[in-house]
1. Look at segment 193-213 and say how many of its residues are loosely packed, with under 14 Cβ neighbours inside 10 Å, within 25 Å of residue 77 (Cβ to Cβ) and in contact with a strand residue (DSSP E or B) (Cβ under 8 Å, 6 or more places away or on another chain).
2. Just to check your reading of the model, which residue among 48, 54 is closer than 22 Å to residue 113 by Cβ and either surrounded by 10 or more Cβ atoms within 10 Å (Cβ to Cβ) or not assigned by TED's automatic domain parsing to the domain that holds residue 125 (or both)?
3. For the structure I just gave you, tell me whether residue 101 is within 29 Å of residue 229 (Cβ to Cβ) and either in the same structural domain as residue 35 (by TED's automatic domain parsing) or modelled with pLDDT of 90 or more (or both).
4. Spot the failing condition for residue 234; the list is (1) surrounded by 15 or more Cβ atoms within 10 Å (Cβ to Cβ); (2) touching a strand residue (DSSP E or B) at 6+ places or on another chain (Cβ under 8 Å); (3) more than 29 Å from residue 71 (Cβ to Cβ), and only one is missed.
5. Could you say which residue among 136, 102 is closer than 30 Å to residue 64 by Cα and more than 18 Å from the chain's Cα centre (by Cα)?
6. When you check residue 153 against the structure, is it at pLDDT 90 or above and within 18 Å of residue 220 (Cα to Cα), yes or no?
């Protein structure tokens, strides 16, 4: 929960918990498979069923929810206005529902409890495999990666005395990809551009395309260097002379 509410999230932040969590799950399932009526079985099964059904409902409902809030989502992820979520959430939701239903049928039979374990493990493994190999790369290409790619390109083309500005809602992770300090400026804070304009060196600005009209002069006249799915990188000087 702590890292979920953090402004920046990277996989290695919570990586140390997985070996311990795996051992705890293994111990629990080992006891469930050895003992006919182990303590904690009922509450564990109920947690799994509730979590699984809620997840399946959320996945099946995702396309409709996305369409209902597409306009608002596009303010944060510009590509959402032109790209839908497709059928992947629906297929994943049905798969989760079937796995949970089959698990529920098997887990209450002492002789079939090992099969329930394999059904649950196989279903979760398949879900994670599909999400990691297909779903996340597809959605990341349009929704997550564009500002990160522009920040990386800006970092490679800016010198020690140059400056990188991010116009719009603050995104602390851009400093990681640019490997340099990023100055965040919100719409309406035009006065914050003045110190940067007075400095020597090149200035680059990362922003969503729909915010371009809200830039003050002379920032709005900077040269567009690159565009990525609703994001744009501006430069005060051309990169090629």
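1. 0
2. 48
3. Criteria not met by residue 101.
4. Going through the list (1) surrounded by 15 or more Cβ atoms within 10 Å (Cβ to Cβ); (2) touching a strand residue (DSSP E or B) at 6+ places or on another chain (Cβ under 8 Å); (3) more than 29 Å from residue 71 (Cβ to Cβ), residue 234 breaks only (3).
5. 102
6. no
Listed here are the residues, each with its yes/no results for (1) in the same structural domain as residue 224 (by TED's automatic domain parsing); (2) under 20 Å from residue 148 (Cβ atoms); (3) touching a helix residue (DSSP H, G or I) at 6+ places or on another chain (Cβ under 9 Å).
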position	(1), (2), (3)
165	yes, yes, yes
173	yes, yes, yes
177	yes, yes, yes
180	yes, yes, yes
185	yes, yes, yes
188	yes, no, yes
191	yes, no, no
194	yes, no, no
202	yes, no, yes
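The values are calculated or read from the model by the stated rules, or taken from the named source; none is laboratory data. Predicted model, so just to flag it, every value in this text is computed and none were measured. Virtual Cβ from ideal backbone geometry, glycine too; neighbours counted across all protein chains shown.
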